[in-house]
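Notes for the one structure printed next.
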Amino acid sequence: MTDRYQSPLSERYASKKMQYIFSPDMKFRTWRRLWIALAETEKELGLNITDEQIEELKAHKDDINYDVAKEREALVRHDVMSHVYAYGVQCPKAKGIIHLGATSCYVGDNTDIIVMAEALKLVRTKLINVIAELAKFAEEYKALPTLAFTHFQPAQPTTVGKRATLWLQEFMMDFEDLEYVLKSLKLLGSKGTTGTQASFLELFDGNHETIDKIDPMIAKKLGFQECYAVSGQTYSRKVDARVLNILSGIALSAHKMSNDIRLLQHLKEVEEPFEKNQIGSSAMAYKRNPMRSERIASLSRYVMIDALNPAITSATQWFERTLDDSANKRLSIPEGFLAIDGILDLCLNVVDGLVVYPKVIEKRLRSELPFMATENIMMDAVKAGGDRQELHERIRELSMEAGKNVKVNGLENNLLELIAADPAFNMTIEELNQTMDPAKYTGRSKEQVETFLENVVNPVLEANKEILGIKATINV
């Protein structure tokens, strides 16, 4: 359709699998699963519901008569009751017991939890694959020295792999948070209009022991451990905020990594994949823009801001419930997941194809290395009989002179030549060049990568090896 707005989250960014999770079909099929679970539970607890009625409900759990529901909703202006009616048209024997004792939030809120749980599982799969690809990258380049930056100013060297572990560690934090929230998700259950289960007191003749069994039985039938112990009409909207905070956390990590990659691509040290026929600029044919990383940053900002929606909604709910959550939830929850789905696909695509240019990395590092080697040079000169205080002052003066040559005159860094020419150091240029091995200045970068991967990352990858190996397809 070209005559109306279509969300780019669906058209351009999110996978078909994530789109289905938030589709009407997924929602309404889940409603019917919930109605079946409720009817089965009520039958098992003694209500006059027959096997024949249950089987009739199951026979039509997937062939939803959307046309009937749509026509009914135009008349009664209530989506849940329209689908209760449509289900009853298909199940004439069971129509009288569909939705028995429940309120609209029984299907609406329980479905929201089920859908978010499924979406989190997909996010989990993609996140663990991003972690796996980053781990491979860190391992491959764990010993390749590179210039590190603080304040984006040259600082003590690190390695390409060690820098990647900084990105990796943040995604590992996200994985830990996701695991906790996913495992802690519970269903609303069936607690009635204000969460008091008053309707079930009527149905079960005031038998509290029987009513206590309803929620656990429904939860088990839907694959959950339990339901929230108390609620108003809805589950606490703080649950939505917790879930979106997970997505926001992933977005933070992805944005940080994508920014670093964009800066590295500017430096021509590391580059995101660039396809053979890809055009970087309509005007400048030579350009290779980091468009994937830019898109990661763009979508990540959207998710970070989107996480404010359920937070504000949760904070402003009145008593047992208000309906100002509904329209906001319909937008913020699905779109947050669709966006993070696109972000993780992009991350997977970028990390899987990162191109490293060791010669450029070495050239830049060596241009700054003489400044960083001055402490070692000074110590060697002291060992040869020099005065530490005098040498420190000479190093400072010569560094200023070399810096001026580089920044003012546009010359190469000649600090080593200046030091060799200074009798206070009593060192030849050959001796000074021996101090210029970049690996001498990366500290324990290589060992830190190995330890981090072995102790922190690899156990998680091993525990999830059955879901590794997915590839991402993106729309450029």
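Points worth noting:
- The range 403-430, subset in contact (Cβ under 8 Å) with a residue 40 or more places away in the chain and surrounded by 15 or more Cβ atoms within 10 Å (Cβ to Cβ), residue farthest from the chain's Cα centre (by Cα): 424
- Looking only at the range 462-476, residues that are farther than 17 Å from residue 121 by Cβ, surrounded by 10 or more Cβ atoms within 10 Å (Cβ to Cβ) and modelled with pLDDT of 95 or more come to 0 in all.
- For the criterion of being over 29 Å from the mean Cα position of the chain (by Cα), closer than 30 Å to residue 295 by Cβ, surrounded by fewer than 16 Cβ atoms within 10 Å (Cβ to Cβ) and not basic (Lys, Arg), residue 3 passes.
- Filtered by the rule that a residue be over 18 Å from residue 138 (Cβ atoms) and of a type outside the set (A, V, I, L, M), the range 260-270 gives 262, 265, 266, 268.
- Of everything in the range 76-91 that is over 40 Å from the mean Cα position of the chain (by Cα) and free of Cβ contacts under 8 Å to residues at least 24 places away in the same chain, the residue that is farthest from residue 201 (Cα to Cα) is 76.
- Qualifying residue in the range 102-113 (condition: in contact with a Phe, Trp or Tyr (Cβ under 7 Å, 6 or more places away or on another chain) and farther than 24 Å from residue 21 by Cα): no
Residue-wise test of (1) surrounded by 14 or more Cβ atoms within 10 Å (Cβ to Cβ); (2) assigned to a helix (DSSP H, G or I); (3) at pLDDT 95 or above.
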site: 192; (1), (2), (3): yes, no, no
site: 230; (1), (2), (3): no, no, yes
site: 235; (1), (2), (3): yes, no, yes
site: 239; (1), (2), (3): yes, yes, yes
site: 248; (1), (2), (3): yes, yes, yes
site: 261; (1), (2), (3): yes, yes, yes
site: 264; (1), (2), (3): yes, yes, yes
site: 276; (1), (2), (3): no, no, no
site: 285; (1), (2), (3): no, no, no
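Residue-wise test of (1) among the hydrophobic types (A, V, I, L, M, F, W, C); (2) modelled with pLDDT of 95 or more; (3) part of a helix (DSSP H, G or I).
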{"position": "312", "(1), (2), (3)": "yes, yes, yes"}
{"position": "321", "(1), (2), (3)": "no, no, no"}
{"position": "328", "(1), (2), (3)": "no, yes, yes"}
{"position": "342", "(1), (2), (3)": "no, yes, yes"}
{"position": "350", "(1), (2), (3)": "yes, yes, yes"}
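- Residue match in the range 166-189 (condition: of a type outside the set (A, V, I, L, M, F, W, C), in contact (Cβ under 8 Å) with a residue 60 or more places away in the chain and farther than 22 Å from residue 120 by Cα): no
- Residue match in the range 372-390 (condition: touching a residue at least 60 places away in the same chain (Cβ under 8 Å), buried (at least 20 other Cβ atoms within 10 Å of the Cβ) and touching an Asp or Glu at 6+ places or on another chain (Cβ under 7 Å)): no
- Restricting attention to the range 35-58, the residues that are in contact (Cβ under 8 Å) with a residue 24 or more places away in the chain and assigned to a helix (DSSP H, G or I) total 14.
- Test for residue 38: is it surrounded by 21 or more Cβ atoms within 10 Å (Cβ to Cβ), closer than 29 Å to residue 186 by Cα and assigned by TED's automatic domain parsing to the domain that holds residue 207: yes
- Sole residue being of a type in the set (D, E, K, R), in contact with a helix residue (DSSP H, G or I) (Cβ under 6 Å, 6 or more places away or on another chain) and within 12 Å of residue 28 (Cα to Cα), chosen from 95, 61: 61
- Where a residue in the range 297-322 is in the same structural domain as residue 340 (by TED's automatic domain parsing) and its partner, wherever it lies, is part of a loop (DSSP other than H, G, I, E, B) and of a type in the set (Gly, Ala, Ser), with Cβ under 7 Å and at least six apart: 319/232; 320/195; 320/232; 321/232
- Residue check for residue 200: over 30 Å from the mean Cα position of the chain (by Cα) and either part of a strand (DSSP E or B) or crowded, with 21+ Cβ neighbours inside 10 Å (or both): yes
- First in the range 454-474 and in contact (Cβ under 8 Å) with a residue 60 or more places away in the chain, second anywhere and small (Gly, Ala, Ser), Cβ under 6 Å, 6 or more apart: 457/135; 461/132; 468/132
- Looking only at the range 138-160, residues that are surrounded by 22 or more Cβ atoms within 10 Å (Cβ to Cβ) and assigned to a helix (DSSP H, G or I) come to 2 in all.
- Selected residue (only one of 125, 150 is within 29 Å of the chain's Cα centre (by Cα), under 29 Å from residue 177 (Cα atoms) and free of Cβ contacts under 8 Å to residues at least 24 places away in the same chain): 150
- Here 96, 88 are screened, and the one residue that is surrounded by 16 or more Cβ atoms within 10 Å (Cβ to Cβ), of a type in the set (Gly, Ala, Ser) and not in a loop (DSSP other than H, G, I, E, B) is 88.
- Subset of the range 1-27 (residues that are of a type in the set (A, V, I, L, M) and either at pLDDT 95 or above or not in a helix (DSSP H, G or I) (or both)): 1, 14, 18, 21, 26
The values are calculated or read from the model by the stated rules, or taken from the named source; none is laboratory data. Here the structure is a predicted model, which means the values were calculated and not measured. So basically every Cβ, Gly included, is an ideal-geometry build from the backbone, and we count neighbours across all protein chains shown.
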